[in-house]
Amino acid sequence: MKLKERDQKHLWHPLKQHQLQPESMAIVKAKGCVLTDENGKEYIDAISSWYTCMFGHCNDYIIEKTYQQMQQLDQIMFSDFTHEPAVKLSEELIKILPKGQNRIFFNDNGSTAVEAAIKMALQYYFNQGEKRNTFIAFEGGFHGDTFGAMSVSGLSVYNGPFEDFLMDVKRIPVPNGENRNEILSLLKQYHQEEKIAGFIYEPLIQGAAGMKIHDAEGLHTILDYCKTNDILTIADEVMTGFGKTGKFFASDHIPTKPDIICLSKALTVGLIPMAITSCTEKIYEAFLSNDISKGFFHCHTYSANPIACATAIAGIELLQTEEIQNSILRISRMHSDFKNEIKNHSKVLSVRNMGVIFALDLNVKMERYGDLRDKLLQFFMDRGIFLRPLGNTIYIQVPYVISDDQLKRIYQTIKESLGQL
Ligand SMILES: Cc1ncc(COP(=O)(O)O)c(C=O)c1O
């Protein structure tokens, strides 16, 4: 029996209506930018398997470094113990994180990185005798699937059924270059009416919303307002972190730096799940006390797993090489050329790109999980390209090691798809 069929007996997949779509694609191998299915068909991974494998799948250097660690120390609880990979990772990460970040707290995935950030912000005030219970977030943002993360995300199919159980969150529109005053007056209103603990945002690019890019100056204005009004700022860099936007972090494009940063996905380059919530010394100090209960009592069993830490260190080493930095520039230039080539196509509503991220909105109405979108996904898969449209948005987020020819094949297939619509 094929994997595809065996799968249906016991497995329950995420983001899927099994009654309508019983089958999943069975992948048996991944190397570099290429995935191979159980029939031997190959696909270029044009979205780096949800923005994780930025140095290609099964990267030899990453595997070697991870294997070395596997032979040395596999797992040790991080409450009461420490180890070289965690210490070294904290040292290397602090060197490249936006200015001000000085403490590294470990989590398991993007959602729990956000969850810890939310709890950190709430307890930061609680420890100082102040009760704050509201967050500000962008409309249409996505921050994950745990309750805090669902609360700060925009309402959608992901969090709709749980609406009654979510935290109090006030929404502001993303800055578009023209709504500065509207956003500022909303911020002032919320600040007067509510006890705001923090503002959480995906810096510059809202991923799940369809790789929507917003205005850097506008974001700077919001962050500046928060800083001057004692509202903590939480940058969710789960999607944007580690080079995707052309700088190490999207926050590097903006002069005002966040108090807390959430990291995952490319942190461990697709090999092992792990996440980090980093923060400034000011936040950390609010948890120091002779009173034990003022510590941060939030912990996951695999916190700072040594193997995952070793993988992350290897990824940070590769990210800083001239070869990878040049490659990010190369991809960015190719994206810009492709954007100019197709921006006036009758089926294209809008096109945008930043770093290795490229997105176009089709001039065609499509449900996020509807028939037409599924047909488009199938069109790409049939042609050996793994692209996963978000409704009517087709986006690319390729591994940094993709070749020019592979990237051109992705562009060509997108152009063909426009002709079919
Ligand atoms: C910006 C952002 N934050 C948080 C998450 C949640 O991460 P995870 O799926 O690892 O829980 C995602 C996932 O796509 C994301 O894009």
Count - residues of segment 108-134 that are within 16 Å of the ligand (Cβ to nearest atom) and more than 13 Å from residue 296 (Cα to Cα) = 7
Does residue 211 satisfy being under 21 Å from residue 120 (Cα atoms), within 13 Å of the ligand (Cβ to nearest atom) and surrounded by 20 or more Cβ atoms within 10 Å (Cβ to Cβ)?
-> no
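Out of 128, 123, report the one residue that is part of a loop (DSSP other than H, G, I, E, B), at pLDDT 95 or above, surrounded by fewer than 22 Cβ atoms within 10 Å (Cβ to Cβ) and not acidic (Asp, Glu). Quick ask: steps written out before the conclusion?
Details: 123 fails: part of a loop (DSSP other than H, G, I, E, B).
Exactly one of 128, 123 is part of a loop (DSSP other than H, G, I, E, B), at pLDDT 95 or above, surrounded by fewer than 22 Cβ atoms within 10 Å (Cβ to Cβ) and not acidic (Asp, Glu), namely 128.
Select from segment 135-163 the residues that are among the acidic types (Asp, Glu) and modelled with pLDDT of 95 or more and write down the one among them that is farthest from the ligand (Cβ to nearest atom).
First pass over segment 135-163, keeping only residues among the acidic types (Asp, Glu): 139, 145, 163.
Subset that is modelled with pLDDT of 95 or more: 139, 145.
Details: 139: 15, 145: 6 Å.
For segment 135-163, the residue satisfying everything is 139.
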Got at least one residue in segment 277-297 being within 16 Å of the ligand (Cβ to nearest atom) and either in contact (Cβ under 8 Å) with a residue 12 or more places away in the chain or part of a helix (DSSP H, G or I) (or both)?
-> yes
Counted residues in segment 214-231 being in a loop (DSSP other than H, G, I, E, B) and away from the ligand (no atom under 16 Å from the Cβ) come to 4
Go through segment 232-253 residue by residue and tally those that are assigned to a loop (DSSP other than H, G, I, E, B), more than 16 Å from the ligand (Cβ to nearest atom) and either of a type in the set (Phe, Trp, Tyr) or surrounded by 23 or more Cβ atoms within 10 Å (Cβ to Cβ) (or both).
-> 1
Result of the Cβ filter at 6 Å on segment 23-34, keeping first residues that are in contact (Cβ under 8 Å) with a residue 40 or more places away in the chain and in the same structural domain as residue 406 (by TED's automatic domain parsing) and partners that are outside any strand (DSSP E or B) and not hydrophobic (A, V, I, L, M, F, W, C), at least 6 apart or interchain, is 32/56; 33/56; 33/399; 33/406
Residue 317 in contact with a helix residue (DSSP H, G or I) (Cβ under 9 Å, 6 or more places away or on another chain) and among the acidic types (Asp, Glu) = yes
Of residues in segment 254-276 being polar (S, T, N, Q) and within 25 Å of residue 74 (Cα to Cα), the one farthest from the ligand (Cβ to nearest atom) = 268
Among the numbered criteria (1) under 30 Å from residue 85 (Cβ atoms); (2) not in a helix (DSSP H, G or I), which single criterion is violated by residue 149?
-> (2)
In segment 259-308, what residues are within 21 Å of residue 56 (Cβ to Cβ), surrounded by fewer than 24 Cβ atoms within 10 Å (Cβ to Cβ) and not hydrophobic (A, V, I, L, M, F, W, C)?
-> 273
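The values are calculated or read from the model by the stated rules, or taken from the named source; none is laboratory data. Not measured: the values here are computed from a predicted model. All Cβ positions, even for glycine, are placed from backbone atoms using ideal geometry, and neighbour counts span all protein chains on display.
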